[in-house]
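Scroll down for the structure; my scribbles are underneath it.
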Amino acid sequence: LVAPPPALSLAQTMVVGTAGVTAAMCVDYLQRFGEVQPSHGPVLVTGAAGGLGQVAVALLHARGFEVVASTGRAEALGDHLRALGASDVVGRLQPEPKPLGKQLWAGVVDSVGGATLAAALAQTRYRGAVASPGVAGGGELATSVYPFILRGVRLLGVDQTMPYDLEGYPDDPQRWDGWRAERQRMWALLSESLG
């Protein structure tokens with residue numbers, strides 16, 4: 001277990017929940033492993049009306065990013081997503097007819113997966129990154145290698161599992177310390193950005 005920072009109340013940590021911690025991991029991964037910075041351009045959040053998506057929009061905005069929120073409920077929830085920090089709200093991404101689409105996004109937080117993830121990858125800018133923690137739209141990924149080999153797009157898998165007794169997860173104390181330190185960083189990011 002990891003204690004949340006003192007700046008957040010117990011009620012606030014319950015509201016943030018697993019979706020919030022996963023959103024924080026996505027933002028952290030985009031910046032740390034994907035090397036995405038606010039000056040690189042807009043970051044797309046798919047499934048933006050969901051719990052993870054809403055927190056991701058707020059976190060990215062608080063960290064200085066231009067955020068574009070994508071949702072199937074753009075008309076109904078557009079004002080709410082703009083209040084969280086989205087500069088624009090768009091509908092669901094449509095599949096790209098070609099392996100590489102127009103370069104739109106410096107980074108993407110994709111909680112949808114499936115065809116949406118494939119479209120986001122095709123639209124990600126050169127040397128951009130996509131953090132992918134979700135499969136709400138499906139676990140299949142029908143795409144090509146072209147975003148990876150021609151644009152250097154990085155696909156960052158994000159899990160929010162407690163690695164206790166999972167097959168294949170190392171049980172050495174150093175790995176557990178790393179897992180614990182990562183969760184502490186996520187709660188600190190949430191506290192400083194939302195607190």
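Considering the conditions (1) of a type in the set (Gly, Ala, Ser); (2) over 12 Å from Ser193 (Cα atoms); (3) surrounded by fewer than 18 Cβ atoms within 10 Å (Cβ to Cβ), Gly64 is excluded by exactly one of them, (2). Can you tell me which of (1) in contact (Cβ under 8 Å) with a residue 60 or more places away in the chain; (2) assigned to a loop (DSSP other than H, G, I, E, B); (3) surrounded by fewer than 21 Cβ atoms within 10 Å (Cβ to Cβ) is the one Val112 doesn't meet? Of (1) in contact (Cβ under 8 Å) with a residue 60 or more places away in the chain; (2) assigned to a loop (DSSP other than H, G, I, E, B); (3) surrounded by fewer than 21 Cβ atoms within 10 Å (Cβ to Cβ), only one is false for Val112: (3).
Any chance region 150-163 includes a residue that's within 18 Å of Val43 (Cβ to Cβ), aliphatic (A, V, I, L, M) and in contact (Cβ under 8 Å) with a residue 40 or more places away in the chain?
Narrowing region 150-163 to residues within 18 Å of Val43 (Cβ to Cβ): 151-158.
Within this subset, residues satisfying the condition of being aliphatic (A, V, I, L, M) are 153, 155-156, 158.
Pick out the ones that are also in contact (Cβ under 8 Å) with a residue 40 or more places away in the chain and you get 156, 158.
For region 150-163, residues within 18 Å of Val43 (Cβ to Cβ), aliphatic (A, V, I, L, M) and in contact (Cβ under 8 Å) with a residue 40 or more places away in the chain: present.
Considering only region 70-82, I want to know if a residue exists there that is crowded, with 22+ Cβ neighbours inside 10 Å, farther than 27 Å from Gly152 by Cα and not hydroxyl-bearing (Ser, Thr, Tyr). Yes: one or more hits. Listed conditions (1) open to solvent by less than 20 Å² (accessible area, probe 1.4 Å); (2) under 30 Å from Gln12 (Cβ atoms); (3) assigned to a loop (DSSP other than H, G, I, E, B) are all met by Gln160, apart from (1).
Filtered by the rule that a residue be within 17 Å of Gly50 (Cα to Cα) and within 14 Å of the chain's Cα centre (by Cα), region 87-127 gives Val108, Val109, Asp110, Ser111, Val112, Gly113, Thr116, Leu117.
The values are calculated or read from the model by the stated rules, or taken from the named source; none is laboratory data. Worth saying up front: this structure is predicted, and the values here are computed from it rather than measured. Counting neighbours? That spans all protein chains shown, and the Cβs are built from the backbone with ideal geometry, glycine included. Side chains included, ligands, DNA and RNA excluded: accessible areas come from the protein's heavy atoms. Shrake-Rupley method; radii C 1.70, N 1.55, O 1.52, S 1.80 Å.
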